[in-house]
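Structure first, then comments.
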Amino acid sequence: MEIEEKYNLLIIGGGPASVKFLYNLFRTSRLPEYLNGLGIGIVEKGKCFGSGNLENKMNYTTYPASELLKLMYFHKTNQMISFCKDLTDTQAYKTLVQYGEKCPPKSLAGFFLRLLGSVLLKHIYTLKKLQIFHSQREALTIRLLADGWFQIRTQSLSADTQIKDKYRTIKARHILLCTGREQTPADIFCQEQGLIETLKQNPRHIVGSGQKAFECAELLLNGPVMYINNEQINAYTQKVYTCPICKSLKCSCFGSLIPQKYIWHHTDVALSEYKKGELKIHFSKFPRPYFSNYQNDYITIPEQQTNKKGEANYLTGLRGKSKMLFLKMLATQEIRVQLCQEDPNSNQFIDGKECKSKQIEIKDTDGNQIQFQYSFGLYQLDDKGRLKTQKGSLRNIYCYGSNCITQEQLERGCQDEYGDCSLEFDEYDLFFVNIKNEINIQWFDNNEFPLTAQSNVSKGGDFDSDPSVHSEVVETETYALNQLQEQFKQKRKKK
């Protein structure tokens, strides 16, 4: 027997994008309106909320630690959110502060996002007595209904679930896909078991020219970096995070805080010794670094190859440690790695090419599977954050995070597809979904769009909960979209 639940907004996926979305709602004083009525639901295949696959990775992020720490603060006043203050006692927070503008390990970023997610879920429960996070539940299919609702069929992945409760049906007015990207061979290599197995083969060849290929090379040269601090994690868990619902430390009501298995140190890894040119990166198109302007300390890029904001290789350019490795290779400071345009002469190589979003089956009212548009292997969105299909934009289903790409990002990026799309945590604009607008049974739309506000909170914040600007921001429903856009233009002119 299937149990049916209803939500105004269902978030599918409980990784970094979901945490960022909810925090930006809180920072803009919009979270309460989302929680009213049928409210928000989150379904996640794993036990943890916030970290996704980051904690299992043994390399660095492509964004600085300061980008993570921004989520704890209101933008205008730079005041810390009250329920985040307890996190300042954690070793994870202190370590991120030390990294500052440097890129932290993905395992550290993942665990800190898990801390952020947990305190936010606990705060929501304290205020509203709502448990919005449902762990170990996988969304199988999405169906468009004739009455304007979405029907989502889910299954429980918990071994404790009784057979009669294994499958549940959820109805939602709006859906936000935060499903992330599929695991690629390069992603598997950057995890514990993948590295162990690959090192046994004494790898000499990497195929690809994008972010993932160079991440693999950096990992082979310098070894894994992991956040290891289990004792302090456990002590903090017992101090603050006893679950108010089930009184357990091992539950996942607010996302599991049981630490992952961290066993790697630099000294634990028997890395291969590479001589000059022994590690080869095989490319089809020459690698390109990302630059924020066309003149920099490393290389001069012709102005015609940059976008309107002065960025070169915005979408597919190398970032972080990968970018530095490539620049060292150009300057002959790193001679162990060689770029090769021909195919590898061995069948043992690391595949660093693929990048595509995790896909979920979505069917229309007639039961036919909907065909979506993709760029760089990611869902393509219109300028309102809606999924683009061959029939037009799909109403009331949005995408957010590393599994999608907006029209603005396409316009800011290079035009040829190559390598890997290197966009990461803080590269996505936030689209505020109006969960109170009337149901429209015309699913596909090429012209008009339900009232929606768009904000660039992650890049400076048009709105936030700062009282000095909040008086200018009335409930989203009372504004027409053109009025909001005019406000955004005026704010940008003042800046």
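Derived from the Cα gyration tensor, the three semi-axes of the equivalent ellipsoid of the range 83-228 are 35, 25, 15 Å, largest first. Our compactness index for the range 339-401, the C-alpha radius of gyration over the empirical 2.2 N^0.38 Å, is 1.61. Pairs exceeding 26 Å between alpha-carbon atoms, taken from 94/129; 94/128; 70/321; 321/388; 166/353: 94/129; 94/128; 321/388; 166/353. The distance between label points at residue 245 and residue 270 comes to 4.6 nm (points 7 Å beyond Cα on the Cα→Cβ vector). Across the range 184-198, computed HN-Hα scalar couplings (Karplus, 6.51 cos²θ - 1.76 cosθ + 1.60, θ = phi - 60°) run 9, x, 5, 5, 5, 4, 7, 9, 3, 5, x, 5, 4, 5, 5 Hz from first to last residue, x flagging Gly and Pro. Shown for the range 30-74 is the translational diffusion coefficient from the Stokes-Einstein equation, using the Kirkwood radius over Cα pairs, a temperature of 25 °C and a viscosity of 0.890 mPa s: 178 µm²/s. Run the quick spin-label model on residue 127 and residue 359: label points 7 Å from Cα toward the beta carbon, then report their separation in nm to one decimal. Each label point lies 7 Å from its Cα, and together they span 3.8 nm.
Both radii come from the Cα set of the range 1-135: Rg as radius of gyration, Rh as Kirkwood radius; their ratio Rg/Rh reads 0.98. Using the structure shown, select from 102/212; 102/276; 57/212 the pairs with a Cα to Cα distance greater than 24 angstrom. Beyond 24 Å between Cα atoms: 102/276.
With both labels modelled 7 Å from their Cα along Cα-to-Cβ, the residue 328 to residue 94 distance reads 2.9 nm. Each residue of the range 13-19 was assigned a 3J(HN,Hα) from its phi angle through the Karplus curve 6.51 cos²θ - 1.76 cosθ + 1.60 (θ = phi - 60°); the sequence is x, x, x, x, 5, 5, 4 Hz, with glycine and proline shown as x. In µm²/s, what is D for the range 80-162 at 10 °C and 1.306 mPa s, where D = kT/(6 pi eta Rh) by Stokes-Einstein and Rh is the Kirkwood radius from Cα pairs? Rounded to a whole number, D works out at 98 µm²/s.
Where a number appears in this text, it was derived from the coordinates with a stated rule and is not lab data. What you are looking at is a predicted structure, and each value in this text was computed from that prediction instead of being measured. Virtual Cβ from ideal backbone geometry, glycine too; neighbours counted across all protein chains shown.
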